[in-house]
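One structure is given below, encoded as structure tokens.
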Amino acid sequence: MQLTVLDPFRPNQPFPPLYKALEEPNGLLALGGCLSTERLINAYRNGIFPWYNPGEPILWWSPDPRLVLFPDRVNISRSLAKTLRKGLFTVTFDRAFDQIMACCAEPRQASSGTWITDEMMQAYQDLHHQGLAHSVETWFDGELVGGLYGVAIGQVFFGESMFHKRTDASKVAFVTLARQLKQWGYRLVDCQVQTQHLLSLGAEEIARTDFSELLKRYCPAKPSTDAWQN
């Protein structure tokens, strides 16, 4: 099956239907286009996200199955609960978005590169300035040691990337976010693809068709008026 090539000068161009996504690699749907705010929001609303390496064209994905977390089902292990009770970390929201992205972009131990290109960073900073992208920061003695960022549309939070420089720092950020999202009336967290880290926190896989139906229901809905008002 031939992939759809998106026009970089038509940010409102519709994406192809999800059933046209490849099985191998799982979920690859289209290539090209741009990372404009309009196109990114359209992508997320339809269960699609960009992921590509430096030097590649923009690649758009919608894997099947999809990893999600329902905020009221977050799993807190005994050891993590102990860490939370100790209050070792301070967690904030939207205090250091650019720093969070920069830390997430740093090469991981398993690889020497990063998929968070300068173009990608600028696109999500633009989303943040418009109140659409958000960060969660974990601090230890005033130092940023973990966190995550993602995009919020309606009652759905689309997680993008997380990092930690201290044990449990990203888990504390994720659990704190899930608890807060529940209070704000969010119904779904998109975790994209399976990782043991996220599975241990209560994430679960659902069929892409089911994920798409949840987006149709929850993206148009509004969260609490105090969401992200910190």
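Below, the figures for the structure above:
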quantity	calculated
Antiparallel content of DSSP bridges confined to the chain, in %, to 5	85
Mean separation of Cα contacts under 8 Å (6+ apart) over length of the range 72-230, as relative contact order %	25
Antiparallel %, DSSP beta bridges [both residues in the range 1-124], to 5	60
Theoretical ellipticity at 222 nm over the chain - DSSP helices of four or more residues, -39500 (n - 2.57) apiece, nearest 500	-9000 deg cm²/dmol
Other-chain or far-sequence residues with amide H under 5 Å of residue 135's (modelled H)	94
Amide proton proximity set for residue 185, modelled H, under 5 Å, gap of 5+	224
Carbon plus sulfur fraction of accessible area for the range 141-230, probe 1.4 Å, in percent	44
Point-to-point label distance, residue 140-residue 195, nm (Cα→Cβ direction, 7 Å offset)	1.8
Among the listed pairs 86/171; 82/216; 165/216; 20/171; 82/165, those beyond 26 Å (Cα-Cα)	82/216; 165/216; 20/171
Note, ³J(HN,Hα) from phi for the range 151-167, Karplus 6.51, -1.76, 1.60, rounded to Hz, x at Gly and Pro	10, 10, 9, x, 9, 10, 10, 9, x, 10, 7, 9, 8, 8, 10, 8, 3
Cut-off 15 Å between beta-carbons: net charge of the residues surrounding residue 182, Lys and Arg +1, Asp and Glu -1	+1
Label-point separation in nm, residue 10 to residue 102, each point 7 Å along Cα→Cβ	3.9
Among beta bridges that DSSP assigns inside the range 101-230, antiparallel share in %, nearest 5	85
Percentage relative contact order, the range 9-56, counting C-alpha pairs under 8 Å, at least six apart	37
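The values are calculated or read from the model by the stated rules, or taken from the named source; none is laboratory data. Owing to the predicted nature of the structure, the values given are computational and were not obtained by experimental measurement. FYI the Cβ positions are ideal-geometry reconstructions off the backbone, even for glycines, and counts take in every protein chain you see. Accessible surface is based on the protein model in full, side chains and every heavy atom, while ligands, DNA and RNA are left aside. Shrake-Rupley method; radii C 1.70, N 1.55, O 1.52, S 1.80 Å.
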